Amino acid sequence: MSKTTTTQFSSKSRGQYNAKAYSAASATSPLAPTTIPRRDPSEDDVQIEILFCGICHSDLHTVRNEWGGAVYPCVPGHEILGRVTRVGSAVSKFKPGDLAAVGCMVDSDGSCPECQAGLEQFCPNMIATYNSPDKHLGGVTYGGYSESIVVKERFVLHVPSNLDPAGAAPLLCAGITTYSPLRHWGVTKGKKVGVVGLGGLGHMAVKFAHALGAHVVVFTTSPNKKEDALRLGADNVVVSRDTEQMKKHAGSFDFILDAVSAEHDIDAYIQLLRRDGNITLVGAPPKPLAVAGFGLVFKRRSLSGSLIGGIAETQEMLDFCGKHNITSDVEVIPIQKVNEAYERMLTSDVKYRFSIDMASLKSK
């Protein structure tokens, strides 16, 4: 096991306590055990003992500073599920013992047009769960690779009791990232929906689209993923490298969710949309995608992107998952294997999301 780090964490508040965590000291350092400060709950705060935390590819990008702007030490994790241990005097929706969850945001200004519309994810002053300015303790926010977290009640979510907690944790990012665009673009019974890529995001999109009543087609470069795609709820599987298979679906899709982060031919999928069809990106390829204007102009097709969802929509998603018993397919790991998990993510060696059992943080 890596030695406990001795990095000094900044603080400007006396009302705090220490929590065990895993952090990265630099872009080239492995994640290692440490201790971080958490603020004592104020009147509108909820304190949560973290039971499980999903691993998102964003965690890896941030820890290794692949997007730039990372601040160290960095404690990642924004797919947090746990149990409430303390609540502030003004908290009315949670009590100790409740299952609760925290996603990618822990604060916003609450007054801008985006917040007023329930779209806190677009707030110009949104505070991310980790690596954002921490106005309470100074420095930056620390995420879910830790034993506990304190968050404003407004950003804490209820978790249906019938859901497996390990599989429910990734819903807080992978789940809402795919649910939000499906709802925004009106995916319902009778719609034909494509899902490009069957990974951590794609497998959730298949489950949601199926539960919403759509006819679901998975596009993959790997023929050996067909059986799994059908198990997850797909009605059909197309090997995207097979031009004849692709042509059979030309002009027939109402909506396509593109979850691929690698370079790929976006025009090939635009051609599959019917009139007024939309393709939404939730993957972020490193280089600009080449788009032929005529593919959009004729048939009035559109290309868009989507982030996560607001707090209300995230709660809606969790309630939908409770009703349909939807969770992420996960491999549960101890925190001590997190660096190994990062390396495995790079080769897509997981079906389909890692979920950290945070009880392992208490072991020596």
Of Glu227, Glu49, Glu120, the most mobile residue in a GNM of the chain (C-alpha springs, cutoff 10 Å) is Glu227
Computed helical MRE - 222 nm, the chain, DSSP H runs ≥ 4 contributing -39500 (n - 2.57), nearest 500: -5500 deg cm²/dmol
If you build a Gaussian network model of the chain, linking Cα atoms that sit under 10 Å apart, which residue out of Ala284, Ala312, Ala90 swings the most? Ala90
Here the tail fraction of P(r) beyond 27 Å, over all Cα-Cα pairs of the chain, rounds in percent to 47
Lys/Arg Cβ at +1, Asp/Glu Cβ at -1, dipole of the range 235-281 taken about the Cα centre: which of Ala262, Thr280, Gln245 is farthest positive-ward? Gln245
Using the Cα gyration tensor of the range 174-305, the equivalent ellipsoid's semi-axes, largest first and to the nearest Å, work out to 19, 16, 15
Please find, in a Gaussian network model of the chain (springs between Cα atoms separated by less than 10 Å), the residue of Gly175, Gly77, Gly88 whose mean-square fluctuation is greatest. Gly88
Could you run the Debye sum over the Cα atoms of the range 102-147, one equal point scatterer each and no solvent, and tell me log10 of I(q)/I(0) at q = 0.29, 0.30, 0.31 Å⁻¹, two decimals? -1.02, -1.05, -1.08
Between rounded, prolate and oblate, where does the range 68-142 land on the alpha carbon gyration tensor, with a ≥ b ≥ c its root eigenvalues, rounded for a/c under 1.5, else prolate if a/b exceeds b/c? oblate
Once you put a point 7 Å from the Cα of Asn125 and another 7 Å from the Cα of Ala268, both along the Cβ direction, what distance in nm separates them? 4.6
Restricting to lysines 8 or more places apart or on different chains, can you count the pairs in the range 174-305 with Cα atoms under 16 Å from each other? 7
Quick one: the Cα spread of the range 1-155 along its three principal axes, in angstroms, biggest first? 41, 32, 29
Compute the Rg/Rh shape ratio of the range 111-178: radius of gyration over Kirkwood radius, all on alpha-carbon atoms. 0.98
Cα lying deepest toward the dipole's positive end in the chain, options Met204, Val217, Ala117, charges on Cβ: Val217
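Here, each number is a calculation from the coordinates, and none is a lab measurement. The shown structure was predicted, so the numbers you read here are calculated from the model rather than taken from an experiment. Because the Cβ atoms are built from the backbone with ideal geometry, glycine has one as well, and the counts that use them run over all protein chains shown.
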